[in-house]
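Colleague: I am attaching a structure below and will ask some questions about it afterwards.
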Amino acid sequence: NAGVTQTPKFQVLKTGQSMTLQCAQDMNHNSMYWYRQDPGMGLRLIYYSASEGTTDKGEVPNGYNVSRLNKREFSLRLESAAPSQTSVYFCASSEHRLWQPQHFGDGTRLSIL
Amino acid sequence: DQQVKQNSPSLSVQEGRISILNCDYTNSMFDYFLWYKKYPAEGPTFLISISSIKDKNEDGRFTVFLNKSAKHLSLHIVPSQPGDSAVYFCAASAVNNNDMRFGAGTRLTVKP
């Protein structure tokens, strides 16, 4: 049972490059989330999607775009990467609501030079 | 603004003893609280939660206590086991506001 799968696991980019982080869940969850975790800080919500076709901004949305492709997949795009976006990115899902227990992927470690 | 704070970056306890992890929050709108556990190179996993209408919730060796007047919650692990060694994150949510905030985490080490 895969749960939440994130690709890639590691990525190094140069400033100004773009990339898309992929996330898929197989638990038939309605809601999906993208977080970033920086050293010494907790996870911070970037964007979330309460259902297919809807997305909402979280605490730190600037510099990111998201797409809820279907119920299973939620992608995060960096259009023009900046060194401040160096972080570990986690995708998560929950059955319906943000405050319900979330299931997390194992993260994507992204370095921007 | 850090609305959820875990003031102890690390905690070390002996196997078999009690581990107490603490969390404070500032936003009185938070009404649902969760604890997650994280091992290195893995994503966080849900441990236990509590809503603001309760002051205690138990699940096996894990108990969460909520003191709303003090805006404080704690996670008790009894007895502690070496496999409990991980980083523990406290999270708080405002059910009607679509907001979720995490603390910075406490690294628990349980020594055999």
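Colleague: Determine the dipole magnitude for the protein assembly as shown: charges of +1 sit on the beta-carbon of Lys and Arg, -1 on that of Asp and Glu, nothing else is charged, the reference point is the Cα centre, and the result goes in debye to the nearest 20.
Modeller: With Lys and Arg at +1 and Asp and Glu at -1, about 300 debye.
Colleague: Summing +1 for each Lys or Arg and -1 for each Asp or Glu, what net charge is found among the other residues whose Cβ lies under 14 Å from the Cβ of residue B:62?
Modeller: With Lys, Arg at +1 and Asp, Glu at -1, the neighbours total 0.
Colleague: Have a look at A:110, A:92, A:70 and report the one farthest towards the positive end of the charge dipole of region A:61-113, computed about the Cα centre with Cβ charges (Lys/Arg +1, Asp/Glu -1).
Modeller: Selected residue: A:70.
Colleague: Let me ask something else. Collect residues whose amide H, placed 1.01 Å from N in the peptide plane, falls under 5 Å from the amide H of residue A:42; neighbours closer than 5 in sequence don't count.
Modeller: For residue A:42, whose amide H was placed from the backbone, the distant partners under 5 Å are B:104.
Colleague: Suppose every K and R has +1 on its Cβ and every D and E has -1 on its Cβ; what is the size of the dipole of chain B about the Cα centre, in Debye to the nearest 20?
Modeller: 200
Colleague: How large is the direction-averaged shadow of the alpha-carbon convex hull of region B:1-67, in nm²?
Modeller: Working: hull surface 23.3 nm².
Its Cα hull, projected and averaged over all orientations, spans 5.8 nm².
Colleague: Short version: what are the Cα gyration tensor semi-axes of chain B, square root of 5 times each eigenvalue, largest first, in whole Å?
Modeller: Computed over chain B, the values are 23, 15, 12 Å.
Colleague: Ok, one more. What do you get when you divide the Cα radius of gyration of chain A by 2.2 N^0.38 Å, with N the number of residues?
Modeller: 0.98
Colleague: Using θ = phi - 60° and the Karplus curve 6.51 cos²θ - 1.76 cosθ + 1.60, what whole-Hz ³J(HN,Hα) does each residue of region A:33-50 get, with Gly and Pro shown as x?
Modeller: With the stated coefficients, region A:33-50 comes to 9, 10, 10, 10, 10, 10, x, x, 10, x, 5, 10, 6, 8, 8, 9, 9, 7 Hz.
Colleague: Between their Cα atoms, which of A:9/B:71; A:14/B:71; A:71/B:71; A:14/B:111; A:57/B:5; A:57/B:68 are more than 32 Å away from each other?
Modeller: Values: A:9/B:71 37 Å; A:14/B:71 43 Å; A:71/B:71 36 Å; A:14/B:111 42 Å; A:57/B:5 23 Å; A:57/B:68 28 Å.
Cα-Cα > 32 Å for A:9/B:71; A:14/B:71; A:71/B:71; A:14/B:111; rest within.
Colleague: Just counting partner chain Cβ atoms within 10 Å, what average do the residues of peptide B:87-98 show around their Cβ?
Modeller: Mean partner shielding for this stretch: 3.
Colleague: Still on this structure, please answer the following. For the ranges B:22-32, B:60-70, B:87-97, what's the packing order if you count other beta-carbon atoms within 10 Å of each residue, average per peptide, and put the highest first?
Modeller: B:87-97, B:22-32, B:60-70
Colleague: Another question, then. Could you give the dipole magnitude of region A:1-75 about its Cα centre, charging the beta-carbon of Lys and Arg +1 and that of Asp and Glu -1, in debye to the nearest 20?
Modeller: On the way: 8 positive and 6 negative charges, 33 e Å.
Rounded to the nearest 20 debye, it is 160 debye.
Colleague: For the protein assembly as shown, how big is the tail of P(r) above 28 Å, as a whole percent of Cα pairs?
Modeller: For the protein assembly as shown, the fraction of Cα-Cα distances above 28 Å is 30 percent.
Colleague: Could I ask something else about it? Express in whole angstrom the spacing between the alpha-carbon centres of region A:95-112 and region B:74-112.
Modeller: Centre-to-centre distance over Cα atoms comes out at 16 Å.
Colleague: Here's a follow-up. Using θ = phi - 60° and the Karplus form 6.51 cos²θ - 1.76 cosθ + 1.60, what ³J(HN,Hα) does each residue of region B:91-100 get, whole Hz, x for Gly and Pro?
Modeller: Karplus values, whole Hz, x for Gly and Pro: 9, 9, 9, 9, 4, 8, 10, 6, 10, 9.
Colleague: Moving on to the next point. Using θ = phi - 60° and the Karplus relation 6.51 cos²θ - 1.76 cosθ + 1.60, list the HN-Hα couplings for region B:52-67 in order, rounded to whole Hz, with x at every Gly or Pro.
Modeller: 3J(HN,Hα) across region B:52-67, in whole Hz: 6, 7, 10, 10, 7, 9, 10, 8, x, 7, 10, 9, 10, 10, 10, 10.
None of the figures in this text is laboratory data; all of them are computed from the coordinates on show. On a predicted model such as this, the values are computed, not experimentally measured, just so you know. Methodologically, a virtual Cβ is constructed for each residue, glycine included, from the backbone with ideal geometry; neighbour enumeration extends over all protein chains shown.
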